[in-house]
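Structure, as structure tokens:
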């Protein structure tokens, strides 16, 4: 059964998409950037600040989906500048532990001052 997840604690979508969807025990989390939770207000900052906020925003939606960062199996990372890849790896280790989720990281043209966007797929453990 498909369950649309919406939480006012998460970033409010700025377009026609769901924050997250859970289907057959799997949570699909929409792309997140550095936004103030509970709003659709962009939170500018250094790459490190934006990355930490982005992973925090993902965690909010994972929790609302009945999952957590510990249950993430796939992460997609979009960077405006691949020179930030080493910093990404450092921050990534703050949020994920071995065995790490599979990951794809690509350079992308993100809007405005956005330096990073991340989406993920996670297991939703049975209760």
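Rule-based calculations on the coordinates, nothing more; no lab input. Remember, it's a predicted structure, so these values are computed and weren't measured experimentally. Every residue, glycine among them, receives a Cβ derived from its backbone with ideal geometry; neighbour counts consider all protein chains shown.
Can you tell me which of 8-19, 58-69, 102-113, 33-44 comes out highest on packing, and rank the rest after it, using the mean Cβ neighbours within 10 Å?
On the way: 8-19: 14.0, 58-69: 20.6, 102-113: 11.8, 33-44: 16.2.
Descending packing order for the listed peptides: 58-69, 33-44, 8-19, 102-113.
Take 90, 123, 117 and order them by how many other Cβ atoms sit within 10 Å, fewest up front. Intermediate results must be reported in sequence, preceding the final value.
Numbers: 90 10, 123 15, 117 20.
Ranking 90, 123, 117 by Cβ neighbours within 10 Å, fewest first, gives 90, 123, 117.
When DSSP beta bridges are limited to those with both residues in the chain, what percentage is antiparallel, rounded to the nearest 5? Walk me through the numbers before you get to the answer.
Numbers: 21 of 27 bridges.
Counting DSSP beta bridges with both partners in the chain, the antiparallel share is about 80 percent.
Cα-Cα pairs above 26 Å in the stretch 2-123: how many percent? Intermediate values should be presented prior to the final figure.
On the way: 980 of 7381 pairs.
Cα-Cα pairs in the stretch 2-123 separated by more than 26 Å: 13 percent.
Please report 92, 100 as a ranked list, fewest other C-beta atoms within 10 angstrom at the top and most at the bottom.
Details: 92 18, 100 11.
Arranged by neighbour count, lowest to highest, 92, 100 become 100, 92.
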